Every structure is written in structure tokens, then in C-alpha cells.
Amino acid sequence: MQATHLGADTEEETRLLQQQLDWQLQTASESLLILLEMLGAPRAAERFTARWDDASGKMSLALDAGDMDYVSCPRFEMLSATFESLVPEATQAVTLRAKQDIVREALECTPKIVKASNKTPNSETDLHTIIHKHMEATFVGYLRKTAIATSPKYYIPDGAFPNLELAIEWKYLRNKDDLKRAIDEIKTDINSYGQSRLYTRFFGVFYQINSSICTPRELKLAFGNPTPSWDMILVTAP
């Protein structure tokens with residue numbers, strides 16, 4: 001592909017223009033990666049990064065028959081092609097995230113789900129039983145048993161939507177000790193599930209029996225900013 005007339009008269013001008021073009025392309029690539037992250041498209045970002053690194057150093061300048069300097073640049077061609085293909089992929093990513101957010105809204109209503117069941121959960125197992133029934137009756141594609149494979153191990157979340165690339169963990173909190181244990185377990189899950197290429201978003205739902213166990217601020221401080229793919233949801237029993 002030929003693009004960008006340079007008009008370089010000397011080797012020094014050519015070198016400087018080459019450096020400038022490389023810097024501009026690098027800046028554009030970084031902006032594209034930020035855009036992909038904002039759109040929730042980590043796989044597209046990974047593919048782009050791999051191809052971009054492979055094209056590193058392959059920029060070259062060539063003089064055509066008309067004595068006009070042009071740039072022949074694999075990185076420029078790849079960047080152009082990526083932008084052209086971004087629209088359908090970005091649309092798909094936005095749609096996927098919107099569906100994931102619908103599930104999140106349902107999880108934020110866990111106390112209402114528990115109240116509607118006319119049952120009082122006394123353990124994490126009891127909570128799972130109530131929530132599983134509701135999720136299976138409400139959402140297509142919900143699974144209470146599935147495996148997240150990460151080499152060389154696999155992990156089983158409390159619930160999952162494989163079709164939405166979404167996994168869920170519930171924690172039942174009776175006291176501060178339960179809170180500490182739950183936080184440690186979720187931190188382990190963050191490291192373990194982060195290796196999965198099939199799941200891109202995770203919800204950690206903390207169900208406390210009273211509001212004195214934890215506050216939203218305490219939960220946020222406990223995790224800081226773990227990863228954009230994880231959402232922590234704190235709810236209190238009705």
C-alpha cells in the first residue's frame with residue numbers, strides 16, 4: 001500500500017520523516033487500544049497487539065518511478081485495516097456488555113429475589129439454591145455448573161453465562177471473619193479466572209445478613225482497582 005507523500009530530498013530528512021511517521025503510528029495504535037478497552041473488547045486488543053508487535057520495524061521508504069518519495073508501511077496498512085474492521089466488532093462488544101449489565105442489575109436485586117422466595121438463607125449453599133432457581137427461570141443460557149479452563153487447571157464458578165462470557169461468585173457474610181475470608185477467596189479467583197480466554201467479565205456478589213458487616217467503601221478499598229473485568233456487588237439481606 002502506498003500512502004503519505006514525503007518529499008524528502010536528503011537521507012537525513014528521510015530519516016527524520018521516518019521517525020515522525022513511526023511515532024504518529026505508535027500514538028494512533030495506543031489510542032486504538034484504549035478505545036478497544038473502553039468498548040470491552042479485550043480479545044480484539046490482544047490480537048491487535050500481537051500483529052502490531054510482529055509488524056514492528058517493517059516500515060520502509062521507497063522511491064517510485066516518478067521521483068516521488070512514498071512510504072510503504074505494514075504498520076500503516078494494518079492500522080487502517082483494523083479501524084475498518086472495528087465497527088462490527090465494537091458493535092458486538094457493546095451489545096455483549098449491555099447484556100452483561102442486565103445480569104448485573106438482576107444481581108443487585110438479590111435481596112428482593114430472596115424475599116420473594118419466602119425463604120431465609122442461613123448459609124452460602126442456601127443462598128445458591130434460591131438464586132439458581134431464579135436465574136434459571138429468568139435467563140436463557142444460565143448454568144449453575146460449568147468449568148473455566150485455564151492451563152493446566154480448571155475452576156468451577158458458582159454460576160455462569162457461557163454465551164455472555166460471564167461468570168459469577170456469591171459470598172455469604174455473617175460477620176467480619178466471613179468478609180475477610182470472602183475477600184481472600186475472590187482475590188484468588190481474580191488471579192485464577194484472569195487466565196481464561198472464554199470468559200471476559202466476572203461478578204463477585206457479597207450478600208451480608210446486616211449492613212454493619214461491610215460498606216461499599218470498605219469493599220472498594222479491599223480490592224482497590226483489581227481489573228476492569230471484575231465488578232464487586234454488595235447487597236444486604238431484606
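The values are calculated or read from the model by the stated rules, or taken from the named source; none is laboratory data. Remember, it's a predicted structure, so these values are computed and weren't measured experimentally. Note that each Cβ is placed from the backbone with ideal geometry, even for glycine, and that neighbours are counted across all protein chains shown.
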Discussion item. Looking only at segment 194-217, count every residue that is among the charged types (D, E, K, R), outside any loop (DSSP other than H, G, I, E, B) and touching a residue at least 12 places away in the same chain (Cβ under 8 Å) and tell me the total.
Written reply: 1
Discussion item. Is it the case, given these coordinates, that Val103 is over 20 Å from Phe202 (Cα atoms) and either assigned to a helix (DSSP H, G or I) or touching a helix residue (DSSP H, G or I) at 6+ places or on another chain (Cβ under 9 Å) (or both)?
Written reply: no
Worksheet entry | Some residue of segment 186-193 being touching a Gly at 6+ places or on another chain (Cβ under 6 Å), among the β-branched types (Val, Ile, Thr) and part of a strand (DSSP E or B) | no
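For segment 148-159, what are the residues that are exposed (fewer than 13 other Cβ atoms within 10 Å of the Cβ) and in a loop (DSSP other than H, G, I, E, B)? Lay out the reasoning, then the answer.
To start, the set of residues in segment 148-159 that are exposed (fewer than 13 other Cβ atoms within 10 Å of the Cβ) comprises 151-154, 156.
Scanning segment 148-159 gives Ser151, Pro152, Ile156.
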Discussion item. Based on this model, can you work out whether Leu219 counts as modelled with pLDDT under 95 and touching a Leu at 6+ places or on another chain (Cβ under 6 Å)?
Written reply: yes
Worksheet item: Can you find a residue in segment 124-133 that is closer than 24 Å to Leu96 by Cβ and assigned by TED's automatic domain parsing to the domain that holds Asn225?
Response: yes
Worksheet item: Tally time: how many residues in segment 103-118 are surrounded by fewer than 13 Cβ atoms within 10 Å (Cβ to Cβ) and more than 24 Å from Leu164 (Cα to Cα)?
Response: 2
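Identify, from the list Ile183, Ile233, the residue that is in contact (Cβ under 8 Å) with a residue 60 or more places away in the chain and on the phi < 0 side of the Ramachandran plot.
Working: Ile183 fails: in contact (Cβ under 8 Å) with a residue 60 or more places away in the chain.
Every option except Ile233 fails the conditions.
If you go through segment 119-145 one residue at a time, how many are closer than 18 Å to Ala160 by Cβ and either part of a helix (DSSP H, G or I) or over 24 Å from the mean Cα position of the chain (by Cα) (or both)? Step through it out loud before you land on a result.
Step one: of segment 119-145, the residues closer than 18 Å to Ala160 by Cβ are 124-125, 127-145.
When the remaining residues are screened for being either part of a helix (DSSP H, G or I) or over 24 Å from the mean Cα position of the chain (by Cα) (or both), the result is 124-125, 127-138.
Residues that pass the stated criteria total 14.
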Worksheet entry | Candidates Ala167, Ala160, Ala237 - the one that is of a type outside the set (Ser, Thr, Tyr), touching a helix residue (DSSP H, G or I) at 6+ places or on another chain (Cβ under 9 Å) and under 28 Å from Ala98 (Cβ atoms) | Ala167
Fill in: When residues of segment 170-188 are limited to those that are crowded, with 19+ Cβ neighbours inside 10 Å and not hydrophobic (A, V, I, L, M, F, W, C), the one farthest from Thr227 (Cα to Cα)
Tyr172
Response to the item:
Scanning segment 189-203 for residues that are within 20 Å of Lys171 (Cα to Cα) and more than 11 Å from the chain's Cα centre (by Cα), the one surrounded by the fewest Cβ atoms within 10 Å (Cβ to Cβ) turns out to be Asn191
